[in-house]
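What follows is a set of notes on a single structure, which appears directly below.
The values are calculated or read from the model by the stated rules, or taken from the named source; none is laboratory data. Everything numeric in this text was worked out from a predicted model, so none of it was measured. Cβ placement follows ideal geometry from the backbone for every residue including glycine, while neighbour counts extend to all protein chains displayed.
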Amino acid sequence: MTAGEKPLNLLLPSLYLYFPVTSSGLGEAGGAWGSRSVRGLPSVCRAPSTEVTGGLRDLRRPRLGEGWTGGPRVAAQIGICYGQVANNLPPPSIAVKILKDNKIPNVRLFNTEPTTLASFSGSGINLTIGVRNEDLHDLASGNTGTSLRWLQSNIFQHVPPKQVQYIAVGNEVFLKDPYYTPYVVPAILNLFQALGVLGLSGNIKLSSPLAASVLLDTYPPSSARFDPDLLSYVKPLLQFLHDTGSPFMVNVYPYISYTNNAKFISLDYALFRGGSALRDGDLTYTNLFDASIDAFSFAMEKEGFPGLEMVVAETGWPTGGGDAAGTYNALVYNGNLVRRVVDNVGTPKRPGTGLKVFLFGLFDEDEKDGPEYERHFGIFRADGAKAYDLIFW
């Protein structure tokens, strides 16, 4: 991991959007830790014109998971990522039981492994199913028939279409896997046509999760823009999402932003616990997560696509293996985030707008590549017990 950060005013939280770059993404199996530098970091950092301190609502409550009384709760917006890069995991049927016992209605899978899909069949759990980056070339180079056969043999042979909510076509492809970048949108278009043949294009939405490395000038959020070198790929994706009512998917990891800028980012700011805040025009940011999400919103707006639905396809906090990692901080981060999601808080730019969030992840994955903390994101242990007492509604 290459850190190209520059210091900010020490009194203010940094809004760098810095994320890990692997050959297959933090949540996807396979690949080695990427050695190239990440480009989505601001080259010039300025302190904001107005600093806001004090008087912030403390999001901590005596019991994590208890709801506010100010709005309707939308627990259906919470999901979890089920990665399987490990040698000590329970069978998928046990994973399904854990999800059902904890009333987790959505799960993201990173591939189409048949036994896993079959275990979810009839469970009532909504599925987001990943297309591996390695499959993009064949899907893009083929035709509608190729994609139709792929869907039937890899997905619908194992799980009914009514359980599939999203198909995530690749994971963090742009900038990370330049070989596959040109194939993302063509693969999506072929899959969309194939879903249309099956009468499913209105029910199953297609997207491709992006990392923050596609953005430049993310401090403050209103300055964010897409890397111009990627616009020829990003804009067709945005156009497709707009035309089909599909969500823009992002992977957001404030933990990594914090640990790579610990001198300039308050831990409280990363954990939704207030402290110093940033004012960006008429908007006030009290946490790094909101700033990260709104940076994407501003960047999409600059390209003429305001208001696209957003889905956070991955976010989480590790329980070990790195600075500030641990079960308590993981509980605080995920607990505060869950409350914001189920209480429909939204972000400063989109207040009260629902945001579906997939927490990473279901289990620790001891065979993951990269820094040690990558192997310690599990909310549950292999025996089904919680690593910490997170409530999902």
Any residue in region 316-344 that is over 11 Å from TYR373 (Cβ atoms) and of a type outside the set (Val, Ile, Thr) sitting within a Cβ distance under 7 Å of a residue that is modelled with pLDDT of 95 or more and assigned to a helix (DSSP H, G or I)? List the pairs, counting only those 6 or more apart or interchain. LEU337/PHE289
Test each condition in (1) in contact with a Ser or Thr (Cβ under 9 Å, 6 or more places away or on another chain); (2) at pLDDT below 95; (3) closer than 22 Å to ASP243 by Cα for ASP177 and report the one that comes out false. (3)
Name, by its number, the condition in (1) in contact (Cβ under 8 Å) with a residue 60 or more places away in the chain; (2) touching a Pro at 6+ places or on another chain (Cβ under 6 Å); (3) within 30 Å of TYR82 (Cβ to Cβ) that does not hold for PHE289. (1)
Could you list, in sequence order, the residues of region 122-142 that are of a type in the set (S, T, N, Q) and in contact with a helix residue (DSSP H, G or I) (Cβ under 7 Å, 6 or more places away or on another chain)? SER123, ASN126
Residues of region 178-194 being within 14 Å of ASP138 (Cβ to Cβ), outside any loop (DSSP other than H, G, I, E, B) and not hydrophobic (A, V, I, L, M, F, W, C), in sequence order, are PRO182, TYR183, PRO186, ASN190
Considering only residues of region 77-103 that are among the β-branched types (Val, Ile, Thr) and out of contact with any helix residue (DSSP H, G or I) (no Cβ under 8 Å at 6 or more places or on another chain), which is farthest from ALA387 (Cα to Cα)? VAL85
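From ALA211, ALA194, ALA187, which residue is surrounded by 24 or more Cβ atoms within 10 Å (Cβ to Cβ) and either at pLDDT 95 or above or more than 29 Å from SER297 (Cβ to Cβ) (or both)?
Details: ALA211 fails: either at pLDDT 95 or above or more than 29 Å from SER297 (Cβ to Cβ) (or both); ALA194 fails: surrounded by 24 or more Cβ atoms within 10 Å (Cβ to Cβ).
Result of the check over ALA211, ALA194, ALA187: ALA187.
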Just give me the residues in region 195-242 being in a loop (DSSP other than H, G, I, E, B), closer than 23 Å to GLY130 by Cβ and touching a strand residue (DSSP E or B) at 6+ places or on another chain (Cβ under 7 Å), in sequence order. ILE204, SER208, PRO209, ALA211
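Kindly provide the set of residues from region 217-243 that are hydroxyl-bearing (Ser, Thr, Tyr) and in contact with a Ser or Thr (Cβ under 9 Å, 6 or more places away or on another chain), ordered by number. Outline the logic, then answer.
Let us first name the residues in region 217-243 that are hydroxyl-bearing (Ser, Thr, Tyr), namely 218-219, 222-223, 232-233.
Within region 217-243, THR218, TYR219, TYR233 qualify.
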Take the residues in region 76-117 that are more than 17 Å from the chain's Cα centre (by Cα) and among the β-branched types (Val, Ile, Thr), then tell me which one is nearest to THR315 (Cα to Cα). VAL85
Of THR259, THR319, THR315, which residue is surrounded by 19 or more Cβ atoms within 10 Å (Cβ to Cβ), modelled with pLDDT under 95, among the β-branched types (Val, Ile, Thr) and closer than 24 Å to ALA387 by Cα? THR259
